[in-house]
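**Student:** Can you keep this structure in mind? I'll have questions shortly.
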Amino acid sequence: FKAPSTDHPALYRDLLRTNRVHWIAEEPPAELVREKMMECHLRFRHQMALVPCVLTLNQDGSVWVTLVKPARAITPGQFAVFYKGDECLGSGKILRMGPSVYTMQQGKNREQGPKKEEIDKIEPAT
């Protein structure tokens, strides 16, 4: 798939899954173990701005990462690096991504169903 522009919604995602995360200080942070979820920040490209996110811990040590707002050009094979304040918590390789913003917009458009004018065209009023 080649997006028509660098800002096309198909390039933006707000959900990804990593492989088993390599935690630096503790395996995994106590808050994540206790709550099964934890707010932190993510970076997946060198020197990019940190992105607020929520981690959800899976049984196998991998995490689902939900971004507060969709980020552009996340790619499987990149590493997601997690931070709490200035502290680097650890990282995991990105394995899978959720649907793009574009796909979700298409889904929302379909869920709304046909507009009244379209229905009138199909079934003339009797």
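The values are calculated or read from the model by the stated rules, or taken from the named source; none is laboratory data. For clarity, every value in this text was computed on a predicted model and none was experimentally measured. Using ideal geometry, Cβ is built from the backbone for each residue, glycine included, and neighbour counts are taken over all protein chains shown. Areas reflect the complete protein model, heavy atoms only, side chains present, ligands, DNA and RNA absent. Shrake-Rupley method; radii C 1.70, N 1.55, O 1.52, S 1.80 Å.
**Student:** Criterion first (open to solvent by less than 50 Å² (accessible area, probe 1.4 Å) and either of a type in the set (A, V, I, L, M) or in contact with a helix residue (DSSP H, G or I) (Cβ under 7 Å, 6 or more places away or on another chain) (or both)) does Val81 satisfy it?
**Tutor:** Yes, satisfied.
**Student:** Taking the conditions exactly as written (surrounded by fewer than 15 Cβ atoms within 10 Å (Cβ to Cβ) and within 11 Å of the chain's Cα centre (by Cα)), does Lys69 satisfy them or not?
**Tutor:** Yes; evaluated as a whole, the condition is true for this residue.
**Student:** Scan Leu55, Leu50 and give me the residue that is in contact (Cβ under 8 Å) with a residue 12 or more places away in the chain and open to solvent by less than 50 Å² (accessible area, probe 1.4 Å).
**Tutor:** Leu55
**Student:** Then there is this: If Gly90 meets every condition in (1) on the phi < 0 side of the Ramachandran plot; (2) open to solvent by less than 40 Å² (accessible area, probe 1.4 Å) apart from one, which number is that one?
**Tutor:** Just one mismatch for Gly90, condition (1).
**Student:** I'd like to know if the range 95-107 contains one or more residues that are open to solvent by less than 50 Å² (accessible area, probe 1.4 Å), assigned to a strand (DSSP E or B) and at pLDDT below 90.
**Tutor:** Yes, there is a match, as at least one residue in the range 95-107 is open to solvent by less than 50 Å² (accessible area, probe 1.4 Å), assigned to a strand (DSSP E or B) and at pLDDT below 90.
**Student:** Taking the range 18-27, which residues are open to solvent by 50 Å² or more (accessible area, probe 1.4 Å) and modelled with pLDDT of 90 or more?
**Tutor:** Asn19, Arg20, His22, Ile24
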